[in-house]
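Trainee: Right, I'll just put the structure down here and ask away after.
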Amino acid sequence: MTAVRSVAAGMNGQIKMLSIKNLHASVGDREILRGVNLEVPTGQVHAIMGPNGSGKSTLSYVLAGRDGYDITDGSIVFGGEEIVETPAEERAAKGIFLAFQYPLEIPGVATMTFLKAAMNAQRKARGEAELTTPDFMRRVKVAAEKLNVTQEMLRRPLNVGFSGGEKKRNEILQMALLEPKLAILDETDSGLDIDALKTVSDGVNALRAPNRSMLVITHYQRLLDHIVPDVVHVMAAGRIVRSGGPELALELEANGYADYVGAAAA
Amino acid sequence: MNAEPRILNTPAEVTLAEAFSASRGHLPGDAAVAAARAVAFDAFQKKGLPHRRTEAWRYTDLRVLLRSVPPAPPAAPASIASAALLPGLDRARLVIVDGAYRPELSDLSGLDGVEVTSLATLLDQGDERVGALAGRLDDAMVALNTAMMTGGVAIRVPAGLDVTRAVEIAHVTSGAYSVFARNLISVGAGASLRVVESFTGPDAAASVANIVTEAVIGDRAKVTWAKLQAEGNAAVHLSTTAVSIGGESQFDHLTLMTGASISRSQSFVTYGGEFARAGLFGATMIGGKQHADIMLGVDHAVPNGASRELFKAVMDGKADGIFQGRIVVRPGAQKVDGKMMTQGLLLSEDASFSVKPELEIFADDVQCAHGATSGEIDEDMLFYLLSRGLPRAEAETLLVTAFLAEAIEGLGDEAIGEAFEQVARDWLADRKTLS
Ligand SMILES: Nc1ncnc2c1ncn2[C@@H]1O[C@H](COP(=O)(O)OP(=O)(O)O)[C@@H](O)[C@H]1O
Ligand SMILES: [Mg+2]
């Protein structure tokens, strides 16, 4: 049992969906996250930008509860609860969703079987009734149409033979069906052409809600033209080194990350 | 190693020699069969139980593993538990209890035109099918079966008959007995047959079953054959399947192994005519201290044959999984296409998987390849499923089922495939409740 701390509301009364304090994470001898501080209020969309290798994906994995990282210091409070020790599947049931930078291909597992298993597992963990098959089918149909996910794709094994864009659309489909409280999108724009970027962004924007927060990780500013964030953070060498409004993304686009790579190394 | 006759000397070998002298006077068969039994026992006696220097048996040393041999089954076995195996799979059933065909327990409906005969009857009458293929195998356990066989069943499908209902040959062991059975399957030209071969028995019964099946598949025939080895946890299962496939025939075979303490399942497929295709698949699921050895010999004796082999094994606990596969392409057997793949999935650090693929190619215009992989559950795939909220046990079950599915589906029979996939899921569910 994890203690529930009363840190959900910050000083200004905003409800915090996610509050990360001084988070250090390493793999073996290598420290990748070196004191991350980040607060995401409920209902807001925050972007994390930063050079390759700065630790963005690592942060997303650590938030989702992947094994293999040593959390040497700091805390992750989600919805008022410390979750550092919580296994990945329980975090998912509590409402954390990660759209992977590289979604996995899983041969032999039918996409529909997987979607149903995931939805029902989360419902069960929350003490809700399982979906009936017609209800499940209807939900998938509605969500899939919005994202141009075809019936043919749904019949294939999970992500097997999907193009990069199809995989990303499939991630957003899962997000739409699982209705998370906190969605972390790791480079959802990479590998997408302009049309696919529009489809995916529209899908994500449709899921913006007052009770849902998002952490949008990207290397390029162009995604943020479509998914306009409330706050932009810059990550470099395992820390959040700067935060600002959407205009910060434009500045990074103009000047590149050279300053931050230099600053981080210093 | 040496060609001199040796004296049978392990306790199991001594018991077998005693059992043969005690039973030879009343085993079924005419004088010719009795003579053949004597010759076969002699051959067994010369070889003795296979051991680690017997190349084909190197991973299953019976001189070490077979500590003792249980007695012959009683003449009239007690009632047998009817196994609730393969629910939902419609099939006729030929029931063999402790090596004796039991027509009164069998269900032959849907088999109009198919000839079903007790092996004991054939032995008494004399029948050229007995030993036609097994007689060519140089194997001590096959020789022992020829000497000791008590019963089994012979199925003959006449040319052109399409038997749509699956036929199960259900081997049931009732207790800790020695069982020697021989089955014969002949499928006429252009006919088709779906066979399910099952092996079951009670847990804790140290039975030893030595089963030999000979099958002759005619030209243009189509045979789908699925074997389920789900014997009790103390059983020893030693089986040999010898098949010859005719020109333009199609033969698909799947072995699903979950049972027995020690099992050795050997299959030999010989191409008797050109343009025949064979698909040989395996799905092994073992745990605890189980030892499961699959040995496969594919003999492309003629040109233009195709073979696909896909063997998958999941090992938990301290289990040993073994696969030996040998593809031979005879001189002049051009345009042969043979591909063999073996994949092991280790669910525990103490489990092991040994693979020995062999290609012996004596023709120059062929396409043959083999590959083998072995590993653990893919951590990235597992995390992907966990991150969507699937509990760990459910995620592992999905991944292991998916791993095995390709081999089970390779058989190409939807109804049998579904029933066998359920066996795989049940095995995984049991595994969870144990760990
Ligand atoms: N499992 C790992 N083992 C060792 N180093 C890792 C591992 N994962 C990431 N890294 C290293 O940590 C740094 C941050 O990686 P990552 O989080 O993927 O960055 P980003 O997503 O910002 O490009 C990189 O230098 C990367 O090589
Ligand atoms: Mg990354």
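A short reminder: the numbers here are calculations on the coordinates, not readings from a lab. In this text the structure is predicted, and so the values were computed from the model without any measurement. Neighbour counts are summed over all protein chains in view; Cβ atoms, including those assigned to glycine, are modelled from backbone coordinates with ideal geometry.
Trainee: As an exercise, find the ratio Rg/Rh for region A:115-179 from alpha-carbon atoms, using the Kirkwood inverse-distance average for Rh.
Mentor: Rg divided by Rh gives 0.98.
Trainee: Same structure, new question: What is the Cα centroid distance between region B:312-373 and region B:172-212, reported in whole angstrom?
Mentor: Region B:312-373 and region B:172-212 have Cα centres separated by 25 Å.
Trainee: With +1 assigned to the C-beta of every Lys and Arg and -1 to the C-beta of every Asp and Glu, and no other charges, what is the dipole magnitude of the protein assembly as shown about the Cα centre in debye, to the nearest 20?
Mentor: So the dipole magnitude of the protein assembly as shown works out to roughly 660 debye.
Trainee: With a cut-off of 8 Å between alpha carbons and a minimum separation of six or more residues, what is the relative contact order of chain B in percent?
Mentor: Result for chain B is 10 percent.
Trainee: For B:H26, B:H253, B:H291, what's the fewest-to-most ordering of other Cβ within 10 Å of each Cβ?
Mentor: Lowest to highest Cβ neighbour count: B:H26, B:H291, B:H253.
Trainee: Let me ask you something else. Could you pull out the pairs from A:K116/B:K339; A:K94/A:K167; A:K116/A:K146; A:K16/A:K116; B:K47/B:K222; A:K116/B:K227 whose alpha carbons sit more than 28 Å apart here?
Mentor: Over 28 Å apart, Cα to Cα: A:K116/B:K339; A:K16/A:K116; B:K47/B:K222; A:K116/B:K227.
Trainee: Okay, moving on. So which aspartates and glutamates pass the test for A:K56, namely a Cα distance under 14 Å, with those fewer than 8 places away in the same chain ruled out?
Mentor: A:E31, A:D186, A:E187
Trainee: If neighbour count is taken as other Cβ atoms inside 10 Å, put B:D252, B:D30 in order from fewest to most.
Mentor: Final ranking by Cβ density, sparse to dense: B:D30, B:D252.
Trainee: May I ask you to compute the full-extension gain from B:R67 to B:D90, defined as 0.36 nm times their residue separation minus their alpha-carbon distance, rounded to one decimal in nm?
Mentor: Length gained, B:R67 through B:D90: 4.3 nm.
Trainee: Can you give the FRET efficiency for B:Q422 and A:T150, using 1/(1 + (r/R0)^6), R0 = 35 Å, r = Cβ-Cβ distance, to the nearest 0.05?
Mentor: Here the calculated transfer efficiency is 0.70.
Trainee: Let me ask you something else. Give a residue-ordered list of calculated ³J(HN,Hα) values for region A:177-193 (Karplus: 6.51 cos²θ - 1.76 cosθ + 1.60, θ = phi - 60°; whole Hz; x for Gly, Pro).
Mentor: Along region A:177-193, the couplings run 6, 8, 6, x, 7, 10, 10, 10, 10, 9, 6, 5, 7, 5, x, 9, 7 Hz.
Trainee: With +1 on the Cβ of every Lys and Arg and -1 on the Cβ of every Asp and Glu, and nothing else charged, how large is the dipole of region A:16-265 about its Cα centre, in debye rounded to the nearest 20?
Mentor: 660
Trainee: Tell me, what is the FRET efficiency for A:M137 and B:A31 to the nearest 0.05, using R0 = 56 angstrom and their Cβ-Cβ distance as r?
Mentor: With a Förster radius of 56 Å, E is 0.20.
Trainee: May I pose another question? Tell me the label-point distance for the pair A:I194, A:E251, using the 7 Å Cα-to-Cβ offset, in nm and rounded to one decimal.
Mentor: The two pseudo-label positions are separated by 2.9 nm.
Trainee: Same structure again: With θ set to phi - 60° and the Karplus curve 6.51 cos²θ - 1.76 cosθ + 1.60, what are the ³J(HN,Hα) couplings of region B:285-293 in order, to the nearest whole Hz, using x for Gly and Pro?
Mentor: 10, 9, x, x, 10, 5, 10, 10, 10
Trainee: List residues of region B:314-331, by number, whose backbone nitrogen lies under 17 Å from a label position 7 Å along Cα→C-beta of B:E406.
Mentor: B:314-315
Trainee: Between A:A125 and B:R53, what is the label-to-label distance in nm when each label sits 7 Å out along the Cα-to-Cβ direction?
Mentor: 5.9
Trainee: With the cut-off at 1.5 for a/c, could you classify chain B from its C-alpha gyration tensor as rounded, prolate or oblate?
Mentor: Note, shape of chain B comes out rounded.
Trainee: Report, by chain and number, residues whose modeled amide H sits under 5 Å from the one on B:F281, excluding near sequence neighbours (fewer than 5 apart, same chain).
Mentor: Placed amide hydrogens put B:H253, B:L254, B:T255, B:L310 under 5 Å from B:F281.
Trainee: If the cut-off is 17 Å between C-alpha atoms, which aspartates and glutamates fall inside it for B:K335, apart from same-chain ones fewer than 8 positions away?
Mentor: Partners within reach: B:E248, B:E274, B:D299, B:E360, B:D364, B:D365.
Trainee: B:S348 to B:D42: FRET efficiency via 1/(1 + (r/R0)^6), r the Cβ-Cβ distance, R0 60 Å, to the nearest 0.05?
Mentor: 0.85
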